[in-house]
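Nothing in this text is a laboratory measurement; each read-out follows from the coordinates by a stated rule. Bear in mind the structure is a predicted one, so any value in this text is a computation, not a measurement. Note that each Cβ is placed from the backbone with ideal geometry, even for glycine, and that neighbours are counted across all protein chains shown.
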Amino acid sequence: MDRVTAGLVIFSVNPDTRHLYHELFEARQIHKTYQAIANICDSENLMGTEWHVKNRIVRSEPRFCMCVVEGEANSHSVIRCLIQTNQKALFELNPLLVKPTN
């Protein structure tokens with residue numbers, strides 16, 4: 001996690017059981033939720049709106065950066081507007097697991 005991200009980090013000190021944590025994410029038993037505040041236009045009514053955003057995200061330079069490229073999506077997020085005022089809105093962002101197709 002970088003310095004501007006807050007949250008919980010899980011480390012496994014036992015390599016023999018580390019895969020169990022990965023399996024929790026793969027089985028969708030772990031759910032992440034983020035919140036974001038964004039400026040909006042006065043005339044926009046976004047309350048209750050939901051977007052499904054699918055992209056192909058790959059490593060970039062420097063190596064800790066990511067970028068969106070053309071190709072099959074490997075990321076899927078659901079974004080919902082929870083609250084809004086005249087100029088700002090609070091959004092909930094939920095990344096979903098995308099299983100690779102082979």
Worksheet item: Are there trypsin sites (Lys or Arg not before Pro) in the stretch 23-102 that DSSP marks as loop and that have at most 15 other Cβ atoms within 10 Å, and which are they?
Response: ARG28, LYS32, ARG63
Worksheet item: In a GNM of the chain with a 10 Å cut-off on Cα contacts, which of GLU70, GLU50, GLU61 has the highest mean-square fluctuation?
Response: GLU61
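If you put +1 on each Lys and Arg Cβ and -1 on each Asp and Glu Cβ, how big is the dipole of the chain around its Cα centre, in Debye rounded to 20? Each step should come with its number before you reach the end.
On the way: 11 positive and 11 negative charges, 35 e Å.
Computed charge dipole of the chain: roughly 160 debye.
Semi-axes of the stretch 32-96's equivalent ellipsoid from the Cα gyration tensor, sqrt of 5 times each eigenvalue, largest first, rounded to whole Å?
Details: eigenvalues 142, 35, 24 Å².
Working through the eigenvalues yields semi-axes of 27, 13, 11 Å.
Take the alpha carbon gyration tensor of the stretch 17-70, find the square roots of its eigenvalues, order them as a ≥ b ≥ c, and report rounded if a/c is under 1.5; if not, report prolate when a/b exceeds b/c, else oblate. Walk me through the numbers on the way to the answer.
Values: a/c = 2.71, a/b = 1.49, b/c = 1.81.
Oblate shape, in that a/c is at least 1.5 and b/c is the bigger or equal ratio.
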